[in-house]
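The values are calculated or read from the model by the stated rules, or taken from the named source; none is laboratory data. Because the structure is a prediction, the values reported are computed rather than measured. Counting neighbours? That spans all protein chains shown, and the Cβs are built from the backbone with ideal geometry, glycine included. Please note that ligands, DNA and RNA were not included when accessible areas were found on the heavy atoms of the full protein model with its side chains. Shrake-Rupley method; radii C 1.70, N 1.55, O 1.52, S 1.80 Å.
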Amino acid sequence: MENEVISAKNIRKEYVIKKHFLTGRVKEKVAAVKNASFSLEAGKTLGIVGESGSGKSTTGEIAGGLQKATYGNVYYCGKNTAEMSSDEYREYRRNVQFIFQDPKGSMDPNYSIRDILAMPIETLKIAKDKKEVDLLVDDILQKVGLDLKLKNKYPSEISGGQCQRAAIARALVVNPRVVVCDEPVSALDVSIQAQILNLLKKLQAELNIAYIFISHDIGVVNYMSDSIMVMQSGSVVEQGDAKQVLVHPQEEYTKRLIESAFIN
Ligand code: ADP
Ligand code: MG
């Protein structure tokens, strides 16, 4: 694919859940992801949907390098991440950022929003001095629709929606090409969910970011995605163009997910 930023080929993840107490030999393993493959182009969204425990988060974490696959490979801009030099690997990790379900839990409560956003800028030496750090922090706060006055607040002092905006700002401040959004609106009030989804869409259009968008909610995935991967018990049961999967689902499991969305 011409514009591909990230892809995975036949990834499988096994967790050891039981070892022999003396020999250390593996007695029981569980496969969280079995043979998943996908490809994502710049500026597009791949939705991963499935019930809790189906392997969505594990797949997203492997795509962004937070976890290693037991088998299979992840490619960033066509390059196998397992064969990268340390500089290339650092570039890949910087370019694939994450947003999680619980923004407050993912932020250090002892730092102000300003310091939380300044940290990646300073660590990666993106700005030349403190003044430039502050300019970048202000710029990204404006992009995510947060009042500059919130800079001096701590995560516990702002709302869940504001905190998720700050988490989005933190992910975007290093200019990533891919963001893995793992249930980014599942913990938010329904009235706030649409605002965050629309913000993610606006930022994608402005910055040409690709999203791996994970949710158990097929309605939300439908709203966000260009292509969809449906997972069940670690297996990919169906994948393809979003309209194709949702309007003409081939698998019984996908049909059930769609039906249950209407009942809720
Ligand atoms: P989802 O995000 O779809 O809810 P996960 O990727 O978190 O699913 O988990 C997939 C499966 O892998 C689940 O059965 C889960 O219990 C198991 N699992 C996840 N992480 C671990 C781990 N660190 N050790 C053992 N099993 C795990
Ligand atoms: Mg999960």
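Considered as a group, the residues in segment 199-219 that are in contact (Cβ under 8 Å) with a residue 40 or more places away in the chain, more than 16 Å from ligand 2 (Cβ to nearest atom) and in contact with a Leu (Cβ under 9 Å, 6 or more places away or on another chain) include one that is nearest to V144 (Cα to Cα), and that residue is L203. The set of residues from segment 79-111 being open to solvent by 30 Å² or more (accessible area, probe 1.4 Å) and closer than 26 Å to E157 by Cβ comprises Q97, F98, F100, Q101, D102, K104, G105, S106, D108, P109, N110, Y111.
Residues in segment 198-219 that are out of contact with any strand residue (DSSP E or B) (no Cβ under 8 Å at 6 or more places or on another chain) and either closer than 14 Å to E51 by Cβ or surrounded by fewer than 19 Cβ atoms within 10 Å (Cβ to Cβ) (or both): N198, L199, K201, K202, A205, E206, L207, N208, G219. The residue of segment 23-49 that is surrounded by the fewest Cβ atoms within 10 Å (Cβ to Cβ), among those that are assigned to a strand (DSSP E or B) and modelled with pLDDT under 95, is E28.
Note on segment 58-72: residues that are in contact with a strand residue (DSSP E or B) (Cβ under 8 Å, 6 or more places away or on another chain) and open to solvent by 50 Å² or more (accessible area, probe 1.4 Å) total 3. State whether the residues of segment 76-89 include one that is within 16 Å of ligand 2 (Cβ to nearest atom), more than 12 Å from the chain's Cα centre (by Cα) and outside any helix (DSSP H, G or I). Looking through segment 76-89, none of the residues is within 16 Å of ligand 2 (Cβ to nearest atom), more than 12 Å from the chain's Cα centre (by Cα) and outside any helix (DSSP H, G or I). Of the residues making up segment 20-62, those that are charged (D, E, K, R), within 11 Å of ligand 1 (Cβ to nearest atom) and more than 21 Å from Q97 (Cβ to Cβ) are E28, K29, K34, E51. Among the residues of segment 2-13, just one is within 16 Å of ligand 1 (Cβ to nearest atom) and either free of Cβ contacts under 8 Å to residues at least 12 places away in the same chain or open to solvent by 40 Å² or more (accessible area, probe 1.4 Å) (or both), namely R12. Of all residue pairs spaced 6 or more apart or on separate chains, those with beta-carbon atoms under 9 Å, a first member in segment 180-198 that is free of Cβ contacts under 8 Å to residues at least 24 places away in the same chain and a second member that is in a loop (DSSP other than H, G, I, E, B) and open to solvent by less than 60 Å² (accessible area, probe 1.4 Å) are A194/V185.
Based on what the data block shows, is Q244 more than 16 Å from ligand 2 (Cβ to nearest atom), under 17 Å from T58 (Cβ atoms) and open to solvent by 10 Å² or more (accessible area, probe 1.4 Å)? Considered against the rule, which asks whether it is more than 16 Å from ligand 2 (Cβ to nearest atom), under 17 Å from T58 (Cβ atoms) and open to solvent by 10 Å² or more (accessible area, probe 1.4 Å), Q244 comes out as no.
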